[in-house]
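Derivation of every value follows stated rules applied to the coordinates shown; laboratory data play no part. Note that the coordinates shown come from a computational prediction; the quantities given were computed from them, not determined experimentally. Note that each Cβ is placed from the backbone with ideal geometry, even for glycine, and that neighbours are counted across all protein chains shown.
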Amino acid sequence: MMSYYMEVLVKTDGVPRLATVAVSIAAACNLILDYAFVIKFNFGVKGAAYATGIAQMLSASILLIHFLTQKSNLKFVKFKINFSAVKRTFLVGIPDFTTELSTGIIIFMFNRMILSLIGDIGVVTYTVISYVNTFVIMTMIAISQGIQPLVSYNYGKGDKISFTYYFKLAVKTVGVLSLIIYLLCIIFAQPIIRVFIDAQEVELLSYSVKSLRIYASAFLILGFNIILSGFYSALERPKYAMIISLGRGFVVISISLLVMASAFGSTGIWLSASVSEIICLAVNIVIFVKLFYKDLFSDNKISSKNKKIEITEE
């Protein structure tokens, strides 16, 4: 937890490269120790736990050193608990908390539905798709977290031109990456699946390739939902971020899974994520156009130094 927390603080402190280095070192350390503890010394699951713990401690130590140097802007100081600030922070953090909490529940629901309609072959396929899905989601979250300090800082400064620029840049980046990831999953579905499944498992390999190509359509959309949710949090509008996070993370995906599985069987399971993301994107667009678009994008030629930004909630 300390490693993840300080990683965010280091990026906020204006040293994103150090955060990248620390996380990369921790990942490499984890891989090496996993091999040593699990394969070489036969420690089993306990060895994997030790490897993860040591890697995270290493990352946390690297990041901690930054705050003990003169280069850091953020310092350790004596403090008194400000309940108003705690409440404000808590409300902004609820959407991300909801997303993390709901992940396990959704995986459980998918596995139960897959077992009842498809069987073991479906569970293996979903496991592989989950790895790919996690990679895509983490990529989009990285972009979202990357722009949040920039958007928040310039929004607080009243610089509309700058923070709308960063938001537009993030949307364009997500659009390009989403298309690339989708095409890779369509064109190279078999090589991707073969990383996890032996080529001799012909039936399983064929079914997994087909399922990944169906599921991949969700990758075209989910990045935009993540970016918009992060954008609302950066503007300290947690209510709207919560609507999207709770919708795509639990409510809408649950309903979509049940309805699509009932209507289209096993194919509906793999389509349910795309349907959920489309519904959430539609809600996102309505919220954005109604409450944010006019104030943020209608008159960017006017310097925000001479004009106070006002975003009204309805």
Cα centre as origin, Lys/Arg/Asp/Glu Cβ charges: the chain dipole, Debye | 1140 debye
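Sum -39500 (n - 2.57) across every DSSP H segment of at least 4 residues in the chain, then divide by the residue count to get the 222 nm mean residue ellipticity, nearest 500.
Dividing the helical sum by the residues of the chain leaves -25500 deg cm²/dmol.
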ASP295-ILE161 pseudo-label distance in nm [points 7 Å out on the Cα-to-Cβ vector] | 2.1 nm
Karplus-derived 3J(HN,Hα), 6.51/-1.76/1.60, for each residue of the stretch 122-134, Hz, glycine and proline x = x, 5, 4, 4, 5, 4, 5, 4, 4, 4, 5, 4, 4
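Is the stretch 68-195 best put as rounded, prolate or oblate by its Cα gyration tensor, with a ≥ b ≥ c the root eigenvalues, rounded for a/c under 1.5, and otherwise prolate when a/b is larger than b/c, oblate when not? Mind showing how you got there, number by number?
Values: a/c = 2.64, a/b = 1.68, b/c = 1.57.
Since a/c reaches 1.5 and a/b is larger than b/c, the shape of the stretch 68-195 is classed as prolate.
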Two decimals is fine: what's Rg over Rh for the stretch 175-288, C-alpha atoms, Kirkwood radius as Rh?
-> 1.05
Along the positive direction of the dipole of the stretch 183-267 (beta-carbon charges: Lys, Arg +1; Asp, Glu -1; about the Cα centre), which of ALA199, ILE255, PHE188 reaches farthest?
-> ILE255
Cross-link list LYS210/LYS239; LYS87/LYS172; LYS172/LYS294; LYS157/LYS239; LYS239/LYS294; LYS46/LYS78: which exceed 28 angstrom alpha carbon to alpha carbon?
-> LYS210/LYS239; LYS87/LYS172; LYS46/LYS78
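Report the extension gain between PHE97 and SER206 in nm, rounded to one decimal, defined as 0.36 nm multiplied by the number of residues separating them, less their alpha carbon distance. Could the numbers behind the result be given before it?
On the way: separation 109, 0.36 × 109 = 39.24 nm, distance 3.64 nm.
Between PHE97 and SER206, full extension yields 35.6 nm more.
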Once the piece of chain linking ASN42 and PHE264 is laid out straight, how much longer is it, given 0.36 nm per residue of separation minus the C-alpha distance between them?
-> 75.4 nm
The ³J(HN,Hα) series, computed from each phi in the stretch 166-175 with the Karplus coefficients 6.51, -1.76 and 1.60 at θ = phi - 60°, rounded to the nearest Hz and given as x for glycine or proline, is 5, 5, 4, 4, 5, 5, 5, 4, 5, x
Where labels lie 7 Å past Cα in the beta-carbon direction, separation of ARG194 and SER130 in nm = 2.5 nm
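By its C-alpha gyration tensor, with a ≥ b ≥ c as the square roots of the eigenvalues, how is the chain shaped: rounded for a/c under 1.5, else prolate for a/b larger than b/c, else oblate? Numbers along the way, then the final one.
On the way: a/c = 2.04, a/b = 1.23, b/c = 1.65.
Since a/c reaches 1.5 but b/c is at least a/b, the shape of the chain is classed as oblate.
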Cβ-based charge dipole, the stretch 85-182, positive-most Cα from MET140, PHE108, GLY158 = GLY158
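Between LEU68 and LYS80, what length in nm is gained on full extension when 0.36 nm per residue of separation is reduced by their alpha carbon distance? Each step should come with its number before you reach the end.
On the way: separation 12, 0.36 × 12 = 4.32 nm, distance 2.08 nm.
Full extension from LEU68 to LYS80 adds 2.2 nm.
Taking neighbour Cβ counts within 10 Å as the exposure measure, how do ASP34, ASP295, ASP13, ASP120 sort from fewest upward? Walk me through the intermediate numbers first.
Details: ASP34 17, ASP295 13, ASP13 20, ASP120 10.
So the ranking, lowest neighbour count to highest, is ASP120, ASP295, ASP34, ASP13.
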Please state the charge dipole magnitude for the stretch 45-181, taken about the Cα centre, from unit charges on C-beta atoms (+1 on K and R, -1 on D and E), reported in debye and rounded to the nearest 20.
-> 700 debye
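Highest mean first, what order results for 17-23, 77-83, 150-156 on Cβ atoms within 10 Å? Each step should come with its number before you reach the end.
Values: 17-23: 17.0, 77-83: 6.4, 150-156: 18.6.
Packing proxy ranking, top to bottom: 150-156, 17-23, 77-83.
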Which whole-number percent gives the relative contact order of the stretch 206-298, counting Cα pairs below 8 Å spaced six or more residues apart?
-> 34 percent
